[in-house]
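Below is one structure; the comments refer to it alone.
The values are calculated or read from the model by the stated rules, or taken from the named source; none is laboratory data. None of these values were measured; they are calculated from a predicted model. Quick reminder, even Gly has a Cβ in these numbers, built from the backbone with ideal geometry, and neighbours come from all protein chains shown. With ligands, DNA and RNA removed, areas are computed over all heavy atoms of the protein, side chains included. Shrake-Rupley method; radii C 1.70, N 1.55, O 1.52, S 1.80 Å.
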Amino acid sequence: MPEVLSAPLVVEFPFTRSLGPVQSAFLTGLRERTVLGVKTAGGGVLVPPVEYDPVTAEEIRDLVEVAPTGTVTTWAWNPAPRRDQPLATPFAWVLVKLDGADTALLHVLDAPGPDAVRTGMRVRIRWAAECTGAITDIACFEPYESENSGPAAPHDGSFADPVTGITAPARLDYTYSPGRAPTDYINALAEQRTVGERCPSCRKVYVPPRGACPTCGIATAERVEVGPRGTVTTFCIVNIKARNLDIEVPYVYGHIALDGADLALHGRIGGLLYDQVRMGLRVEPVWTEGGRYPDHYRPTGEPDADYDAYKELI
């Protein structure tokens, strides 16, 4: 049996958001090495602050300053830090209730080992060398023996040049394995063939195959070669150029029902002007040298397919 494919994948994008008055004050305060919380109608102090009371859902704006020292309420040791985590050496994830706060802040504790960490230990903020108005202005927490600094003090939240928005990178690294049926499909594409699988119950041929019939819910195993020609069932005209995609706009992306398949796959349609693409157009794949999949589909020159021949595949 051929080896099932797998490959590392990365999903990454910048997440940009504006800040309301509470979050703006909190992040601007971090830039000034000041930690702000917000007081609820019931008198509790929330750190990090939120704009609405989690109990009553009422808007809350009463800012207070809490201490940079606090107590670890719970923790977990991280022996192998990953990319872009706060510390490059092993550390503890901790929830720290800062003096004056009634909720705990999630961050990291720089400690020599798990034996040096305990619930109830006293810690303080280690500030970043350069503070810019982000949660990373708190570089980490570090052990610090001290008494509780007492209650929070009112703060008007006013700072010069407040932080009004942030851009945070979001990234997910993972290894993807498509499974047996898609592996067979991808390997066949490398040979310029398109292979699906037939359901033993309803007899539908699915391309690309997933290893099970979505209609009957039973496993598929019978391989069926389809196409290479097919019919455009529906399409869209793309007018926005995607990043890192070397295709000039406008171009057409469509659903194509390959001959012998009972499910339409998607692909780019070329070889004619975008405004000449239509439902029922007969197309065939175009392979580039060394390509592992069709670069696009082009018209075959055949008469358009009758609507009744593909209406169930739209």
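Lysines within cross-link reach of Lys39: Cα-Cα under 19 Å, excluding same-chain residues under 8 positions apart?
Once the sequence-local lysines are set aside, what remains near Lys39 is Lys97.
Do any trypsin sites (Lys or Arg not before Pro) in region 71-103 lie in a DSSP loop with no more than 14 other beta carbon atoms within 10 Å, and if so, which?
Those satisfying the criteria are Arg82, Arg83.
Stokes-Einstein at 25 °C, 0.890 mPa s, Kirkwood radius from Cα pairs: D for the chain in µm² s⁻¹?
99 µm²/s
By how many nm would the segment from Thr34 to Tyr307 lengthen if fully extended, with 0.36 nm per residue of separation less the alpha-carbon distance?
This chain segment gains 91.5 nm when fully extended.
Straight-line reach only, C-alpha to C-alpha below 17 angstrom: list the lysines that Lys311 could link to, leaving out same-chain residues fewer than 8 apart.
Lys204
Going by the alpha-carbon gyration tensor, a ≥ b ≥ c the square roots of its eigenvalues, is region 204-314 rounded (a/c under 1.5) or, if a/c is not under 1.5, prolate (a/b greater than b/c) versus oblate?
prolate
On a full-extension model of 0.36 nm per residue, what is the gain between Ser18 and Asp161, subtracting their alpha-carbon distance, rounded to one decimal in nm?
Fully extending the segment from Ser18 to Asp161 adds 50.0 nm.
Please arrange Asp84, Asp262, Asp184 by accessible surface area, largest first, computed with a 1.4 Å probe and ligands excluded.
If we order Asp84, Asp262, Asp184 from most to least accessible, we get Asp84, Asp262, Asp184.
Once you've got the GNM for the chain with C-alpha springs shorter than 10 Å, pick whichever of Ile240, Ile138, Ile166 has the biggest mean-square fluctuation.
Greatest mean-square fluctuation among the candidates belongs to Ile240.
Nearest 10 degrees, 0 to 90: what angle lies between the long axis of helix 21-31 and the longest principal axis of the chain (Cα atoms)?
The answer is roughly 70 degrees.
When only C-alpha pairs under 8 Å and at least 6 residues apart count, what is the relative contact order of region 206-314, in percent?
25 percent
Taking the Cα centroid of region 252-283 and of region 1-67, what is the distance between the two, rounded to the nearest whole Å?
46 Å
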